[in-house]
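The values are calculated or read from the model by the stated rules, or taken from the named source; none is laboratory data. Predicted model, so just to flag it, every value in this text is computed and none were measured. Using ideal geometry, Cβ is built from the backbone for each residue, glycine included, and neighbour counts are taken over all protein chains shown.
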Amino acid sequence: MQQLFSAFGIDWHLLIAQAVNFGIVLIALWYFLYKPVLAVLEKRQETVAKGVEDAAKAEALLAGAGAESAKRVAAADEEAEHIVSAAREAGNAEKARLLKEAEARAVAVTKDAEERAKEVAARAERESEKEVARLAVLAAEKLLKKHYD
Amino acid sequence: MSEYIAYGTGHLVECKDMHEGISVVLKAEQLGSVFGFPITNSLIMAWLVMALLIFTAYIFGRSLSLVPGKIQAGVEWAFEGAIAYMAEVLESEALARRFFPLVASIFIFIAVINEIEFFPGVGSLGLWHASEFLPVLRAPTTDLNFTLALAMIAFFTIEVTGIAMLGFFKYAGKYVNLKSPVGFAVGLIELISNLGRLVSFSFRLFGNIFAGEVMVLVAGYFLPYVLPAPLMGFEMFIGLIQALVFAMLTLFFIKLAIVEPHEAH
């Protein structure tokens, strides 16, 4: 055994030194290479997972936004219709009111004219009666004068 | 007169002269010592590769961003693939994440050593010491100290994981089974094969890479400049495969260790 060891140069100093060498390489690679690379891989995996999740969320949000906008447009349509119909109703009512008012005024004007005509006629009658009486008095005066002269 | 072949990995084979032929240096050469602690060329190269790995990891780790560049995307793909495969083998995502640093570090450390081994300067740059050429750099995977140290780390990780997951007595019950003679024999065989992993782990890696270097050098001895290049390409591929084998076997043995005794057979 001793001969074998000496032929291959086996020396416990060197054995330990080489084992320590490997240990140092292991620790150094662990610290400088494996840990950071695996950390990057993990981080990237997380980023990708988060990206996929965000995309799904955005898609859901977009779909929601579509529905929301359609709802709002429908509501706005309905409101516009309400406004137009209300305006139309108000217009009609105003029209009816104006018509009624005009009619009433026409009736009043007619009535007024009739009354005034009646009054004029009555006055004319009264005046002509007065004239007739005056003429009759004149005629009587004339007749009496002639008779006594 | 000594003449040395000094292609990329020339330290393993030296050609004294044509009569003496090729002699192979099995052990890493000692360049000196600090307070009685031997400094070998494979230790120096291990430190060099460590510095390279740590520096690269530091620079890379700082430049990470959520939107990856090409290199980062490649590394992430490899990490995710490795963890997914480990989770499949261990049947647990949490266990896969726990053992990923160990298995990945085994692969990366061995693979980088095995690839850098064929870079110019490794094995060819050295010192002359008493008419003997001592290369400054030698791939640690061609030094049994390194492969055995890694094998021990893998072995202890496997055993400790088994005990931690199953409990000491249940885990020991896999190897010491007194319920029946057949069970006892099977347990004994399991125990021996388990201990044998130390040898198989270390010698598989050492043998493959060492043999590859010897082959490249012998090829260079017979047909210089032409034959070594394709063989080096092949050996670089083998180097990757051996790194993968070491890491995968560690993973599989961890799986075997945490399987309940009655499920294992």
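Looking only at residues of segment B:28-50 that are more than 16 Å from the chain's Cα centre (by Cα) and facing another protein chain (nearest Cβ under 10 Å), we find that the one that is surrounded by the most Cβ atoms within 10 Å (Cβ to Cβ) is B:Thr40.
Consider B:Val122 carefully, then state whether it is more than 14 Å from every other protein chain (Cβ to nearest Cβ), under 26 Å from B:Met232 (Cβ atoms) and β-branched (Val, Ile, Thr). Yes; evaluated as a whole, the condition is true for this residue.
Within segment B:164-223, the set of residues being assigned to a loop (DSSP other than H, G, I, E, B) and among the polar types (S, T, N, Q) comprises B:Asn177, B:Ser180.
Being of a type in the set (A, V, I, L, M) and surrounded by fewer than 18 Cβ atoms within 10 Å (Cβ to Cβ) is a property that B:Val216 lacks.
When restricted to residues that are more than 7 Å from every other protein chain (Cβ to nearest Cβ) and either outside any helix (DSSP H, G or I) or farther than 27 Å from B:Val199 by Cα (or both), segment A:7-37 contains 2. You will find that of B:Val259, B:Val226, the residue that is farther than 26 Å from B:Ala104 by Cα and either acidic (Asp, Glu) or at pLDDT below 95 (or both) is B:Val226 and no other. For segment A:1-40, the set of residues classified as at pLDDT below 90 and of a type in the set (A, V, I, L, M) consists of A:Met1, A:Leu4, A:Ala7, listed by residue number. On the stretch given as segment B:97-132, residues that are crowded, with 20+ Cβ neighbours inside 10 Å and more than 21 Å from the chain's Cα centre (by Cα) total 1.
Only one entry of B:Ala154, B:Ala149, B:Ala164 meets the criterion of being within 13 Å of B:Ala257 (Cβ to Cβ), of a type outside the set (Phe, Trp, Tyr) and within 14 Å of another protein chain (Cβ to nearest Cβ), and that entry is B:Ala154. Just one of the numbered conditions (1) hydroxyl-bearing (Ser, Thr, Tyr); (2) away from chain A (no Cβ under 11 Å); (3) surrounded by fewer than 18 Cβ atoms within 10 Å (Cβ to Cβ); (4) in contact with a helix residue (DSSP H, G or I) (Cβ under 9 Å, 6 or more places away or on another chain) is not true of B:Tyr171: (3).
Per the conditions (1) within 11 Å of another protein chain (Cβ to nearest Cβ); (2) modelled with pLDDT under 95, the sole criterion not satisfied by B:Phe55 is (2).
A single entry from B:Ser180, B:Ser131 fulfils the requirement of being free of Cβ contacts under 8 Å to residues at least 40 places away in the same chain and either in contact with a Leu (Cβ under 6 Å, 6 or more places away or on another chain) or of a type in the set (Gly, Ala, Ser) (or both): B:Ser180. Scanning segment B:69-117 for residues that are more than 8 Å from chain A (Cβ to nearest Cβ) and either of a type in the set (Ser, Thr, Tyr) or not in a helix (DSSP H, G or I) (or both) returns B:Gly69, B:Tyr85, B:Glu91, B:Ser92, B:Glu117.
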